[in-house]
Amino acid sequence: MHDAHQNDSKKAIGIFDSGLGGLTVLKEIAKLLPGEDLVYFGDSGRTPYGTKSKDTVIRYTQQDINFLLSQNVKMIVIACNTASACSLDIVSEKYHVPVVEVVGPGSRAASRVTKNNSIAVIGTSATISSHVYEKALKKINPAITYVGKACPLFVPLVEEGWWDKKITEDVIAEYLGNLKCSNPDTLILGCTHYPLLQSAIAKVLGPDINLVNSAGAVAAEVKEVLIKENLLRISDGDNIHHGRVSYFTSDSVEKFASLGSMFLGKELDNVTKIDIDAY
(Lines give C-alpha, C1' and ligand atoms only; values in the text may rest on other atoms or scores of the structure.)
Protein backbone atom coordinates (compact mmCIF):
# COMPACT_ATOMS: atom_id res chain seq x y z
CA MET A 1 0.00 0.00 0.00
CA HIS A 2 2.84 2.32 0.89
CA ASP A 3 4.21 2.11 -2.66
CA ALA A 4 0.86 3.04 -4.17
CA HIS A 5 0.88 6.15 -2.02
CA GLN A 6 4.41 6.89 -3.10
CA ASN A 7 3.21 7.08 -6.71
CA ASP A 8 0.25 9.20 -5.72
CA SER A 9 2.67 11.88 -4.47
CA LYS A 10 3.62 12.56 -8.10
CA LYS A 11 0.04 13.49 -8.97
CA ALA A 12 -1.05 17.12 -9.24
CA ILE A 13 -3.00 19.26 -6.77
CA GLY A 14 -6.41 20.29 -8.14
CA ILE A 15 -7.64 23.83 -7.44
CA PHE A 16 -10.96 25.36 -8.48
CA ASP A 17 -12.86 28.61 -8.19
CA SER A 18 -15.84 30.30 -9.82
CA GLY A 19 -13.41 32.28 -11.98
CA LEU A 20 -10.10 34.12 -11.62
CA GLY A 21 -10.16 34.57 -7.84
CA GLY A 22 -8.62 31.22 -7.03
CA LEU A 23 -5.44 32.35 -8.80
CA THR A 24 -4.70 34.27 -5.58
CA VAL A 25 -4.57 30.87 -3.83
CA LEU A 26 -2.73 29.15 -6.67
CA LYS A 27 -0.02 31.83 -6.54
CA GLU A 28 0.67 31.13 -2.84
CA ILE A 29 0.62 27.35 -3.26
CA ALA A 30 3.08 27.59 -6.18
CA LYS A 31 5.34 29.86 -4.09
CA LEU A 32 5.31 27.52 -1.07
CA LEU A 33 5.45 24.23 -3.01
CA PRO A 34 7.33 24.96 -6.26
CA GLY A 35 7.84 21.25 -6.96
CA GLU A 36 4.13 20.39 -7.11
CA ASP A 37 2.16 20.14 -10.36
CA LEU A 38 -1.07 22.14 -10.21
CA VAL A 39 -4.31 21.87 -12.18
CA TYR A 40 -6.52 24.96 -12.00
CA PHE A 41 -10.14 25.21 -13.10
CA GLY A 42 -11.88 28.60 -13.21
CA ASP A 43 -15.61 28.31 -13.90
CA SER A 44 -15.84 31.74 -15.54
CA GLY A 45 -18.72 30.60 -17.75
CA ARG A 46 -20.94 30.37 -14.66
CA THR A 47 -19.43 33.03 -12.45
CA PRO A 48 -20.43 34.52 -10.03
CA TYR A 49 -21.39 31.71 -7.66
CA GLY A 50 -22.22 34.03 -4.78
CA THR A 51 -25.62 35.19 -6.05
CA LYS A 52 -26.85 31.67 -6.80
CA SER A 53 -28.89 29.30 -4.63
CA LYS A 54 -27.20 26.84 -2.30
CA ASP A 55 -28.42 23.85 -4.39
CA THR A 56 -26.96 25.34 -7.56
CA VAL A 57 -23.62 26.04 -5.88
CA ILE A 58 -23.49 22.47 -4.54
CA ARG A 59 -24.16 21.09 -8.03
CA TYR A 60 -21.49 23.32 -9.61
CA THR A 61 -19.00 22.39 -6.89
CA GLN A 62 -19.47 18.67 -7.48
CA GLN A 63 -19.03 19.12 -11.25
CA ASP A 64 -15.86 21.15 -10.65
CA ILE A 65 -14.46 18.45 -8.37
CA ASN A 66 -15.46 15.67 -10.79
CA PHE A 67 -13.57 17.48 -13.55
CA LEU A 68 -10.44 17.82 -11.39
CA LEU A 69 -10.65 14.15 -10.39
CA SER A 70 -10.75 13.27 -14.11
CA GLN A 71 -7.34 14.96 -14.27
CA ASN A 72 -6.10 12.42 -11.71
CA VAL A 73 -5.31 14.80 -8.84
CA LYS A 74 -4.22 13.78 -5.32
CA MET A 75 -5.92 16.64 -3.49
CA ILE A 76 -8.70 19.17 -4.04
CA VAL A 77 -8.40 22.81 -2.99
CA ILE A 78 -11.74 24.62 -2.94
CA ALA A 79 -10.38 28.10 -3.68
CA CYS A 80 -13.86 29.61 -3.53
CA ASN A 81 -15.50 30.79 -0.32
CA THR A 82 -19.02 30.43 -1.71
CA ALA A 83 -18.41 26.80 -2.67
CA SER A 84 -16.84 26.15 0.75
CA ALA A 85 -19.71 27.82 2.57
CA CYS A 86 -22.42 25.93 0.69
CA SER A 87 -21.02 22.48 0.20
CA LEU A 88 -18.26 21.64 2.63
CA ASP A 89 -20.21 19.10 4.70
CA ILE A 90 -21.28 17.21 1.60
CA VAL A 91 -17.92 17.34 -0.14
CA SER A 92 -15.76 16.15 2.74
CA GLU A 93 -17.93 13.01 3.03
CA LYS A 94 -18.19 12.22 -0.64
CA TYR A 95 -14.67 12.24 -2.13
CA HIS A 96 -11.73 9.95 -1.50
CA VAL A 97 -8.96 12.56 -1.77
CA PRO A 98 -8.09 15.17 0.88
CA VAL A 99 -10.05 18.43 0.49
CA VAL A 100 -8.70 21.78 1.69
CA GLU A 101 -10.98 24.82 1.77
CA VAL A 102 -10.56 28.51 2.50
CA VAL A 103 -12.87 29.45 5.40
CA GLY A 104 -11.04 27.68 8.23
CA PRO A 105 -7.53 28.93 7.38
CA GLY A 106 -8.80 32.50 6.85
CA SER A 107 -10.65 32.50 10.16
CA ARG A 108 -7.63 31.19 12.04
CA ALA A 109 -5.37 33.79 10.41
CA ALA A 110 -7.75 36.62 11.37
CA SER A 111 -8.12 35.45 14.95
CA ARG A 112 -4.32 35.58 15.29
CA VAL A 113 -4.16 39.11 13.89
CA THR A 114 -7.00 40.86 15.75
CA LYS A 115 -6.18 42.88 18.88
CA ASN A 116 -9.69 43.99 19.85
CA ASN A 117 -11.53 40.76 18.89
CA SER A 118 -13.71 42.65 16.44
CA ILE A 119 -13.58 41.04 13.00
CA ALA A 120 -15.47 42.02 9.87
CA VAL A 121 -15.95 39.66 6.94
CA ILE A 122 -16.84 40.64 3.40
CA GLY A 123 -17.97 38.05 0.89
CA THR A 124 -20.62 37.09 -1.62
CA SER A 125 -24.29 37.04 -0.64
CA ALA A 126 -24.21 33.24 -0.35
CA THR A 127 -21.13 33.21 1.87
CA ILE A 128 -22.40 35.94 4.22
CA SER A 129 -25.91 34.51 4.54
CA SER A 130 -24.47 31.07 5.39
CA HIS A 131 -22.83 32.56 8.55
CA VAL A 132 -19.99 30.12 7.98
CA TYR A 133 -17.32 32.65 9.04
CA GLU A 134 -19.26 33.69 12.13
CA LYS A 135 -19.48 30.05 13.23
CA ALA A 136 -15.81 29.40 12.48
CA LEU A 137 -14.63 32.53 14.34
CA LYS A 138 -16.84 31.93 17.40
CA LYS A 139 -15.58 28.35 17.57
CA ILE A 140 -11.99 29.62 17.69
CA ASN A 141 -12.82 32.34 20.22
CA PRO A 142 -16.36 32.95 21.57
CA ALA A 143 -15.34 36.51 22.56
CA ILE A 144 -14.98 37.62 18.95
CA THR A 145 -17.59 40.06 17.71
CA TYR A 146 -18.42 39.53 14.08
CA VAL A 147 -19.91 41.74 11.40
CA GLY A 148 -20.55 40.40 7.90
CA LYS A 149 -21.14 42.41 4.76
CA ALA A 150 -22.15 41.02 1.37
CA CYS A 151 -20.52 42.77 -1.60
CA PRO A 152 -22.09 41.11 -4.65
CA LEU A 153 -20.65 43.52 -7.23
CA PHE A 154 -17.01 42.85 -6.32
CA VAL A 155 -16.65 39.58 -8.24
CA PRO A 156 -17.98 40.96 -11.55
CA LEU A 157 -15.63 43.96 -11.21
CA VAL A 158 -12.67 41.60 -10.75
CA GLU A 159 -13.73 39.32 -13.62
CA GLU A 160 -13.93 42.46 -15.80
CA GLY A 161 -10.35 43.37 -14.84
CA TRP A 162 -11.44 46.66 -13.23
CA TRP A 163 -9.15 46.34 -10.24
CA ASP A 164 -8.03 49.95 -9.87
CA LYS A 165 -10.74 51.95 -11.58
CA LYS A 166 -12.50 54.91 -10.00
CA ILE A 167 -15.88 53.17 -10.32
CA THR A 168 -14.50 50.23 -8.31
CA GLU A 169 -13.46 52.55 -5.48
CA ASP A 170 -16.94 54.09 -5.52
CA VAL A 171 -18.56 50.67 -5.24
CA ILE A 172 -16.22 49.72 -2.39
CA ALA A 173 -17.02 52.97 -0.57
CA GLU A 174 -20.74 52.32 -1.03
CA TYR A 175 -20.53 48.83 0.49
CA LEU A 176 -17.95 49.49 3.19
CA GLY A 177 -18.64 53.13 4.05
CA ASN A 178 -20.26 52.46 7.41
CA LEU A 179 -18.24 49.39 8.34
CA LYS A 180 -16.09 51.47 10.68
CA CYS A 181 -19.08 52.03 12.99
CA SER A 182 -18.64 48.54 14.37
CA ASN A 183 -14.94 49.30 14.93
CA PRO A 184 -13.34 46.14 13.51
CA ASP A 185 -9.54 46.09 13.51
CA THR A 186 -9.43 43.14 11.10
CA LEU A 187 -11.25 42.47 7.84
CA ILE A 188 -11.32 39.02 6.25
CA LEU A 189 -11.40 39.14 2.45
CA GLY A 190 -13.95 36.31 2.42
CA CYS A 191 -13.79 35.68 -1.32
CA THR A 192 -10.66 34.71 -3.24
CA HIS A 193 -11.42 37.38 -5.86
CA TYR A 194 -11.12 40.19 -3.30
CA PRO A 195 -7.31 40.30 -2.93
CA LEU A 196 -7.27 41.68 -6.48
CA LEU A 197 -9.13 44.68 -5.01
CA GLN A 198 -6.95 44.79 -1.91
CA SER A 199 -5.23 48.11 -2.62
CA ALA A 200 -8.54 49.78 -3.52
CA ILE A 201 -10.18 48.38 -0.36
CA ALA A 202 -7.24 49.55 1.78
CA LYS A 203 -7.53 53.02 0.27
CA VAL A 204 -11.21 53.24 1.26
CA LEU A 205 -10.81 51.76 4.76
CA GLY A 206 -7.54 53.43 5.76
CA PRO A 207 -4.52 52.02 7.59
CA ASP A 208 -6.19 51.07 10.89
CA ILE A 209 -7.89 47.93 9.62
CA ASN A 210 -5.82 44.81 8.88
CA LEU A 211 -6.89 43.06 5.69
CA VAL A 212 -6.60 39.27 5.88
CA ASN A 213 -6.16 37.44 2.58
CA SER A 214 -6.44 33.76 3.42
CA ALA A 215 -4.39 32.53 0.44
CA GLY A 216 -1.13 32.20 2.40
CA ALA A 217 -2.90 30.35 5.22
CA VAL A 218 -4.55 28.01 2.70
CA ALA A 219 -1.17 27.21 1.09
CA ALA A 220 0.28 26.40 4.53
CA GLU A 221 -2.64 24.04 5.21
CA VAL A 222 -2.15 22.35 1.82
CA LYS A 223 1.46 21.62 2.72
CA GLU A 224 0.50 20.35 6.17
CA VAL A 225 -2.14 17.96 4.80
CA LEU A 226 0.18 16.66 2.07
CA ILE A 227 2.84 15.87 4.68
CA LYS A 228 0.32 14.25 7.01
CA GLU A 229 -1.13 12.11 4.19
CA ASN A 230 2.33 11.23 2.88
CA LEU A 231 1.50 12.87 -0.47
CA LEU A 232 4.16 15.60 -0.64
CA ARG A 233 6.23 15.35 -3.80
CA ILE A 234 9.85 14.68 -2.88
CA SER A 235 12.49 15.34 -5.53
CA ASP A 236 14.62 12.38 -6.54
CA GLY A 237 18.19 13.37 -5.84
CA ASP A 238 19.57 15.81 -8.41
CA ASN A 239 16.71 16.07 -10.88
CA ILE A 240 14.55 18.66 -9.15
CA HIS A 241 11.02 18.70 -10.50
CA HIS A 242 9.70 22.16 -11.36
CA GLY A 243 5.97 22.12 -10.89
CA ARG A 244 3.87 22.52 -14.02
CA VAL A 245 0.55 24.35 -13.99
CA SER A 246 -2.34 23.59 -16.35
CA TYR A 247 -5.26 25.99 -16.54
CA PHE A 248 -8.81 25.16 -17.55
CA THR A 249 -11.79 27.47 -17.96
CA SER A 250 -15.45 27.05 -18.90
CA ASP A 251 -15.46 30.36 -20.79
CA SER A 252 -13.23 32.35 -23.14
CA VAL A 253 -9.63 31.13 -23.14
CA GLU A 254 -8.43 34.54 -24.38
CA LYS A 255 -10.07 36.47 -21.56
CA PHE A 256 -8.89 34.04 -18.89
CA ALA A 257 -5.35 34.07 -20.28
CA SER A 258 -5.11 37.85 -20.56
CA LEU A 259 -6.52 38.66 -17.10
CA GLY A 260 -4.75 35.69 -15.52
CA SER A 261 -1.38 36.69 -16.93
CA MET A 262 -1.96 40.30 -15.86
CA PHE A 263 -2.48 39.05 -12.33
CA LEU A 264 0.23 36.37 -12.18
CA GLY A 265 2.72 38.54 -14.04
CA LYS A 266 3.56 35.89 -16.64
CA GLU A 267 2.09 34.61 -19.88
CA LEU A 268 -0.49 31.87 -19.52
CA ASP A 269 -0.09 29.87 -22.69
CA ASN A 270 -1.61 26.59 -21.51
CA VAL A 271 -5.27 27.45 -20.98
CA THR A 272 -7.88 24.96 -22.23
CA LYS A 273 -11.61 25.43 -22.52
CA ILE A 274 -13.74 22.57 -21.20
CA ASP A 275 -17.45 21.78 -21.20
CA ILE A 276 -18.10 21.59 -17.45
CA ASP A 277 -21.62 20.25 -18.00
CA ALA A 278 -20.05 17.01 -19.21
CA TYR A 279 -19.06 16.37 -15.58
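The values are calculated or read from the model by the stated rules, or taken from the named source; none is laboratory data. All values reported here derive from a predicted model rather than from experimental measurement. Methodologically, a virtual Cβ is constructed for each residue, glycine included, from the backbone with ideal geometry; neighbour enumeration extends over all protein chains shown. Please note that ligands, DNA and RNA were not included when accessible areas were found on the heavy atoms of the full protein model with its side chains. Shrake-Rupley method; radii C 1.70, N 1.55, O 1.52, S 1.80 Å.
Among the residues of region 169-204, which ones are open to solvent by less than 10 Å² (accessible area, probe 1.4 Å) and of a type in the set (Gly, Ala, Ser)?
If the condition is that a residue be open to solvent by less than 10 Å² (accessible area, probe 1.4 Å) and of a type in the set (Gly, Ala, Ser), then Gly190, Ala200 are the ones that fit.
What pairs come up if the first residue lies in region 193-210 and is farther than 13 Å from Phe154 by Cα, the second is surrounded by fewer than 18 Cβ atoms within 10 Å (Cβ to Cβ) and among the acidic types (Asp, Glu), and their beta carbons are under 9 Å apart, counting only those six or more places apart or on different chains?
Filtered contacts from region 193-210: Ser199/Asp164; Lys203/Glu169; Val204/Glu169; Asp208/Asp185; Ile209/Asp185; Asn210/Asp185.
Got a sec? Which strands (runs of 3 or more DSSP E) wholly within region 209-279 have at least 3 residues that are of a type outside the set (Val, Ile, Thr) and at pLDDT 95 or above?
Where strands (runs of 3 or more DSSP E) fall fully within region 209-279 and carry at least 3 residues being of a type outside the set (Val, Ile, Thr) and at pLDDT 95 or above, they are 245-249.
Among the residues of region 106-142, how many are in contact (Cβ under 8 Å) with a residue 40 or more places away in the chain and buried (at least 23 other Cβ atoms within 10 Å of the Cβ)?
14
Return the total of residues in region 157-192 being more than 22 Å from Lys115 (Cβ to Cβ), among the hydrophobic types (A, V, I, L, M, F, W, C) and without any contact (Cβ under 8 Å) to a residue 12 or more places away in the chain.
Result for region 157-192: 2.
Give the residue that is farthest from Lys27 (Cα to Cα), with candidates limited to residues of region 180-208 that are in contact with a Gly (Cβ under 7 Å, 6 or more places away or on another chain) and in a loop (DSSP other than H, G, I, E, B).
Taking region 180-208 first, the residues in contact with a Gly (Cβ under 7 Å, 6 or more places away or on another chain) are 188, 190-193.
Next cut, in a loop (DSSP other than H, G, I, E, B) only: 190-193.
Values: Gly190: 17, Cys191: 15, Thr192: 12, His193: 13 Å.
Going through the qualifying residues, I end up with Gly190.
Every residue, every condition in (1) surrounded by 21 or more Cβ atoms within 10 Å (Cβ to Cβ); (2) outside any helix (DSSP H, G or I), yes or no:
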site	(1), (2)
Pro34	no, yes
Gln63	no, no
Leu68	yes, no
Lys74	yes, yes
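Answer yes if at least one residue in region 69-76 is under 29 Å from Glu134 (Cα atoms) and of a type outside the set (Ser, Thr, Tyr), and no otherwise.
Yes - at least one qualifying residue is present in region 69-76.
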